[in-house]
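This report refers to the structure that appears directly beneath it.
The values are calculated or read from the model by the stated rules, or taken from the named source; none is laboratory data. Nothing here was measured: the structure is a model prediction, and the numbers come from that model. Quick reminder, even Gly has a Cβ in these numbers, built from the backbone with ideal geometry, and neighbours come from all protein chains shown.
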């Protein structure tokens, strides 16, 4: 069985930006004296970023998985 994973470049960029923003948000939460509301706002924005990215990725078929069973004796010419 062969599995091919097709990922568009914009999906990778979205992932990289999300990770970078997540690191910045985490550093701010841990090192600054933020109120609970400020921490929750930062976390909600992060969750919305990832949900929106997932929905856009799904809607635009940003990631595709192709699986093919490769059996030489069952292939037709």
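For residue 73, all conditions in the list (1) within 19 Å of residue 10 (Cβ to Cβ); (2) modelled with pLDDT under 90; (3) part of a helix (DSSP H, G or I) hold save one; what is the number of the exception? (1) is the only condition that residue 73 fails.
Considering only the stretch 47-58, I want to know if a residue exists there that is at pLDDT below 95 and either assigned to a strand (DSSP E or B) or touching a strand residue (DSSP E or B) at 6+ places or on another chain (Cβ under 9 Å) (or both). Yes, the stretch 47-58 contains a residue that is at pLDDT below 95 and either assigned to a strand (DSSP E or B) or touching a strand residue (DSSP E or B) at 6+ places or on another chain (Cβ under 9 Å) (or both).
Quick grid of which residues meet (1) touching a helix residue (DSSP H, G or I) at 6+ places or on another chain (Cβ under 6 Å); (2) surrounded by 10 or more Cβ atoms within 10 Å (Cβ to Cβ):
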{"residue": "5", "(1), (2)": "no, no"}
{"residue": "14", "(1), (2)": "yes, yes"}
{"residue": "20", "(1), (2)": "no, yes"}
{"residue": "33", "(1), (2)": "no, no"}
{"residue": "42", "(1), (2)": "yes, yes"}
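Cβ separations smaller than 7 Å between residues 6+ apart or across chains give the following pairs from the stretch 36-58 residues that are within 18 Å of residue 8 (Cα to Cα) to residues that are modelled with pLDDT under 90: 53/14; 57/11; 57/63.
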